[in-house]
Amino acid sequence: MHDDDAQHGPLAGFTVGVTAARRAEELGTLLTRRGAAVLHAPALRIVPLADDSELLAATRELIDNAPDVVIATTAIGFRGWVEAADGWGIGDGLLELLRGIELLARGPKVKGAIRAAGLTEAWSPQSESMAEVLDRLLDEGVSGRRVALQLHGEPLPGFVESLRAAGAEVVGVPVYRWMPPEDITPLDRMLDGTVARGLDALTFTSAPAAASFLNRAEARGMLPEVLDALSHDVLTACVGPVTALPLQAKGIDTVQPERFRLGPLVQVLCAQLPARARTLPVAGHLVEIRGHAVLVDGALRPVPPAGMALLHTLARRPGWVVSRADLLRALPGSGTDEHAVETAMARLRTALGVPRLIQTVVKRGYRLALDPSADTKYDGS
């Protein structure tokens, strides 16, 4: 971390994509506070099923034919279930049912929602881990028992399968449904930005959002290009291992915090993104090339997109001359006029504040003025 990070934030000069529907604002604020530019495109929306016959049928069936165990997985989902049942006039019946059976809560938040409904859970893990809930059930033995599981749109990989394999009958209670966003344009813009390397990182906070992102890429016929960007250039950060599953299934490596929370997710980006940036000794200065800005001796210099494209191209072979034709190809929306390179180069030099970082080699092109002493140190990096 640089001394100057205190002034401009560890994520300054980086663009981070946020795909969350819920708590997107909170995540966006955490990122912006650390200097990042944020692009938000909800990959899906959560629709309550208060008007849904599926949840009504499942609830009636449970009241008529009580299960042995009910597992509450999310606070918002549990509250939604109780409220929906109230709306249908069967709220008392549901509460009576939940009083009479073994009620398990997946952690402190859900426990709070259960208590708020005037109920008491039989048990709750400290960790909010479904794995711990599963271990407890399997230890108790579930053969021949009916287990009702309050779902929250999230797939719970292996959970239902493990219970069924141990002889349980598992009943799903679907409280929310994931749907595509009403306006797909921001998501399409984010996919385009991913392929164009206009994003430095993408964040995912739920498995359905990750799946929806990939499905939309596939529907637009751009999945290979998106996967290529995520494999090589765009850092993919997930809040936890369940969220990462759809991405890992496509061979994408993801980074995750130790604790599955938004704060630690942002900390992972603060550690990883600056570490991935290219730092070079150029003309007696230390130059760190970030997504849409450059640190020159620790001072932040925002650079327009055309200038960044030129700089990234020069930095691929630092010290070597790059022809105007090659630089023109790197310019976004480039035409055939090499004069565009000169215009963008002049702006880039102004933005950097140290014109001699980039040398003009007459009739040949431009080069980054890499310090000769750095040859051995940076060779092959």
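The values are calculated or read from the model by the stated rules, or taken from the named source; none is laboratory data. From a predicted model like this one, the values you see are computed outputs, not experimental measurements. Reconstructed Cβ throughout: ideal geometry from the backbone, glycine too, with neighbour counts over all protein chains shown. Just the protein is used for accessible areas: all its heavy atoms, side chains included, with ligands, DNA and RNA removed. Shrake-Rupley method; radii C 1.70, N 1.55, O 1.52, S 1.80 Å.
The table that follows gives values for the structure above.
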read-out	value
Positions within region 310-336 being open to solvent by less than 20 Å² (accessible area, probe 1.4 Å) and either over 18 Å from ALA369 (Cβ atoms) or among the acidic types (Asp, Glu) (or both), in sequence order	LEU328, LEU331
Flag for PRO125 being farther than 24 Å from ALA85 by Cα, touching a Leu at 6+ places or on another chain (Cβ under 8 Å) and either assigned to a loop (DSSP other than H, G, I, E, B) or of a type in the set (Asp, Glu) (or both)	no
Residue in region 192-249 that is surrounded by the most Cβ atoms within 10 Å (Cβ to Cβ), counting only those that are outside any helix (DSSP H, G or I) and among the charged types (D, E, K, R)	ASP200
Residues of region 238-253 satisfying the condition of being more than 14 Å from ALA211 (Cα to Cα) and either touching a helix residue (DSSP H, G or I) at 6+ places or on another chain (Cβ under 6 Å) or among the hydrophobic types (A, V, I, L, M, F, W, C) (or both)	VAL239
Evaluation of ALA117 against (1) in contact (Cβ under 8 Å) with a residue 60 or more places away in the chain; (2) of a type in the set (A, V, I, L, M); (3) open to solvent by 20 Å² or more (accessible area, probe 1.4 Å) (one fails), failing number	(1)
Members of region 311-327 that are in a helix (DSSP H, G or I), touching a helix residue (DSSP H, G or I) at 6+ places or on another chain (Cβ under 6 Å) and in contact (Cβ under 8 Å) with a residue 40 or more places away in the chain	ARG324
Qualifying residue in region 280-302 (condition: in a helix (DSSP H, G or I), hydrophobic (A, V, I, L, M, F, W, C) and more than 14 Å from the chain's Cα centre (by Cα))	no
Condition met for ARG177 (open to solvent by 40 Å² or more (accessible area, probe 1.4 Å) and in a helix (DSSP H, G or I))	no
Qualifying position, being touching a Phe, Trp or Tyr at 6+ places or on another chain (Cβ under 8 Å), farther than 21 Å from ILE46 by Cβ, at pLDDT 95 or above and of a type in the set (A, V, I, L, M, F, W, C), among ALA201, ALA229	ALA201
Hits in region 34-91 - residues which are in a loop (DSSP other than H, G, I, E, B) and polar (S, T, N, Q)	ASN65, THR73, THR74
Output for region 128-143, where each listed residue is surrounded by fewer than 19 Cβ atoms within 10 Å (Cβ to Cβ) and assigned to a helix (DSSP H, G or I)	ALA131, GLU132, ASP135, ARG136, LEU138, ASP139, GLU140
Test: residue in region 80-92 that is buried (at least 19 other Cβ atoms within 10 Å of the Cβ), closer than 22 Å to ARG259 by Cβ and either among the polar types (S, T, N, Q) or touching a residue at least 40 places away in the same chain (Cβ under 8 Å) (or both)	no
